[in-house]
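As structure tokens, the structure follows; a few thoughts come after it.
The values are calculated or read from the model by the stated rules, or taken from the named source; none is laboratory data. Note that the structure is a prediction, hence the values are computed from the model and not measured. Using ideal geometry, Cβ is built from the backbone for each residue, glycine included, and neighbour counts are taken over all protein chains shown. Ligands, DNA and RNA are stripped out before the accessible areas are found, and what is left, the full protein with its side chains, is counted by its heavy atoms. Shrake-Rupley method; radii C 1.70, N 1.55, O 1.52, S 1.80 Å.
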Amino acid sequence: MELIAEIVRGFRELSLTALVLHHVLPRRYAMCSHHLASLLYIAGAETVPKFYVEYCRELRLWGEKASRRRLSAVETEFALWTWYRFSNYGREEEKRKHRSRFFRDPWVAERRAFRVAESLKGRSRLDLAMSYVPIDANVAAAIAYIELERTIRQILGRDDVHEVRADNFKALVEDLPMSALPSGRPELIDLWKRNGKGRNEVIHATKALTKSEAVEIIQGVSDFIDHQQM
């Protein structure tokens with residue numbers, strides 16, 4: 001790692017560093033493609049050298065586990081780059097075929113899911129909810145609602161309410177001590193069901209939220225949870 005850091009410091013960029021290491025130790029180090037790094041979910045590294053080492057390590061793993069023969073990091077990178085070209089250039093039906101074969105492969109799906117989960121370590125569920133707002137506002141709000149319900153159950157020591165409807169949620173809120181409420185009971189009940197787009201409608205996708213509505217819900221849940229830690 002220190003050697004890589006020194007080379008990066010000397011060349012001032014990762015691409016030239018990768019070029020040197022690729023020629024000196026081709027079995028271990030590949031060129032660095034940010035397209036493939038994104039495909040492999042290489043993210044969240046603290047430094048450039050750590051990012052590059054993780055990228056090459058992941059390539060070697062793919063070469064060993066996802067190939068019928070043991071491929072080096074470089075050979076795996078070439079194979080993935082070839083797939084990338086086939087899946088993004090050419091006739092539309094051929095591109096769809098290559099993408100479908102790749103993403104439906106069980107090992108590929110499992111490994112990518114693992115990498116996504118790894119990249120989210122250390123983040124709270126509400127951080128995850130907020131990051132999901134641009135992708136799917138309903139999913140983002142659903143995560144927040146689940147956290148709200150979980151927190152209320154913890155405060156009350158209750159786990160006997162399985163399907164939380166508006167009426168029994170109101171009963172849960174009525175049981176909360178005033179010290180647990182950042183504002184009042186009506187505000188918390190309104191957070192659960194507002195403008196006909198409450199928790200059940202959101203989770204069961206019968207009503208579509210806007211991004212701003214999802215952000216309001218997440219912020220409201222965040223304020224409630226933060227209040228418990230004061």
Can you tell me which residues in segment 12-30 are buried (at least 18 other Cβ atoms within 10 Å of the Cβ) and either within 12 Å of Glu77 (Cβ to Cβ) or modelled with pLDDT under 80 (or both)?
Ala18, His22, Tyr29, Ala30
Taking only segment 193-230 into account, find how many residues are within 25 Å of the chain's Cα centre (by Cα) and in a helix (DSSP H, G or I).
21
Test: Glu213 is surrounded by 13 or more Cβ atoms within 10 Å (Cβ to Cβ) and free of Cβ contacts under 8 Å to residues at least 12 places away in the same chain
no
With the structure loaded, tell me whether Arg111 is of a type in the set (Lys, Arg), assigned to a helix (DSSP H, G or I) and farther than 18 Å from Ala43 by Cα or whether it fails that test.
no
For Ser67, work out the one condition from (1) of a type outside the set (A, V, I, L, M, F, W, C); (2) modelled with pLDDT under 90; (3) assigned to a helix (DSSP H, G or I) it doesn't fulfil.
(3)
Scanning segment 100-128 for residues that are under 20 Å from Ile225 (Cβ atoms) and touching a residue at least 12 places away in the same chain (Cβ under 8 Å), the one most open to solvent (accessible area, probe 1.4 Å) turns out to be Arg125
Starting from segment 35-63, keep only residues that are more than 19 Å from Glu110 (Cβ to Cβ) and polar (S, T, N, Q), then list their pairs with residues that are at pLDDT 85 or above and not in a helix (DSSP H, G or I) whose Cβ atoms are within a distance under 6 Å, requiring at least 6 positions of separation or different chains.
none
Does Ala79 fit the bill of being at pLDDT 90 or above, among the small types (Gly, Ala, Ser) and in a helix (DSSP H, G or I)?
yes
Of (1) assigned to a helix (DSSP H, G or I); (2) surrounded by 15 or more Cβ atoms within 10 Å (Cβ to Cβ); (3) of a type in the set (D, E, K, R), Arg96 satisfies every one except (2)
Look through Ile146, Ile135 and report the one residue that is at pLDDT below 90, under 20 Å from Gln219 (Cα atoms), assigned to a loop (DSSP other than H, G, I, E, B) and open to solvent by 90 Å² or more (accessible area, probe 1.4 Å).
Ile135
